[in-house]
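J.: Got a structure here, written out as structure tokens. Questions coming.
The values are calculated or read from the model by the stated rules, or taken from the named source; none is laboratory data. Worth saying up front: this structure is predicted, and the values here are computed from it rather than measured. Every residue, glycine among them, receives a Cβ derived from its backbone with ideal geometry; neighbour counts consider all protein chains shown.
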Amino acid sequence: MFTEAVRALASCQRAVIVALALLPVLLVTAACLPAVLLLPAFPGGVRRLTVLLAQLRRWTGEVLTRSQPGSAAVRSISTNWPV
């Protein structure tokens, strides 16, 4: 019974890891919503907003890219585990 539960969890492991890794990014994005609404009203605000949104996109892309099965981060983590 225990091994069946471990197998079931292993099949959804990547989804859980991505969800946990995206949680801080989503919190930062939610915290930036007032800036998204107010920055365009200030001088130079559109440029600063563009930089902010580009950074949020990079963070999200990095989390999703590193969670893929062939990425270097996954390989380095998996090769460091004792067998």
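J.: Sort through PHE2, PHE42 and tell me the only one that's exposed (fewer than 10 other Cβ atoms within 10 Å of the Cβ) and not β-branched (Val, Ile, Thr).
T.: After ruling out the rest, the residue left standing is PHE2.
J.: Just checking: which of the helices (runs of 4 or more DSSP H) contained wholly in region 1-72 hold 2 or more residues that are in contact (Cβ under 8 Å) with a residue 24 or more places away in the chain?
T.: Numbers: elements: 2-11, 13-38, 45-66.
Once the helices (runs of 4 or more DSSP H) in region 1-72 are filtered for at least 2 residues that are in contact (Cβ under 8 Å) with a residue 24 or more places away in the chain, what remains is 13-38, 45-66.
J.: A further question follows. Could you list, in sequence order, all residues of region 55-70 that are small (Gly, Ala, Ser) and surrounded by fewer than 10 Cβ atoms within 10 Å (Cβ to Cβ)?
T.: GLY70
J.: Can you tell me which residues in region 29-71 are farther than 17 Å from VAL18 by Cβ and either modelled with pLDDT under 70 or of a type in the set (D, E, K, R) (or both)?
T.: So the first thing to find is which residues in region 29-71 are farther than 17 Å from VAL18 by Cβ, and the list is 30-55.
If the condition is that a residue be farther than 17 Å from VAL18 by Cβ and either modelled with pLDDT under 70 or of a type in the set (D, E, K, R) (or both), then ARG47, ARG48 are the ones that fit.
J.: Please tell me if PRO24 is modelled with pLDDT of 75 or more and not hydroxyl-bearing (Ser, Thr, Tyr).
T.: On the way: modelled with pLDDT of 75 or more: yes; not hydroxyl-bearing (Ser, Thr, Tyr): yes.
Yes: the conditions hold for PRO24.
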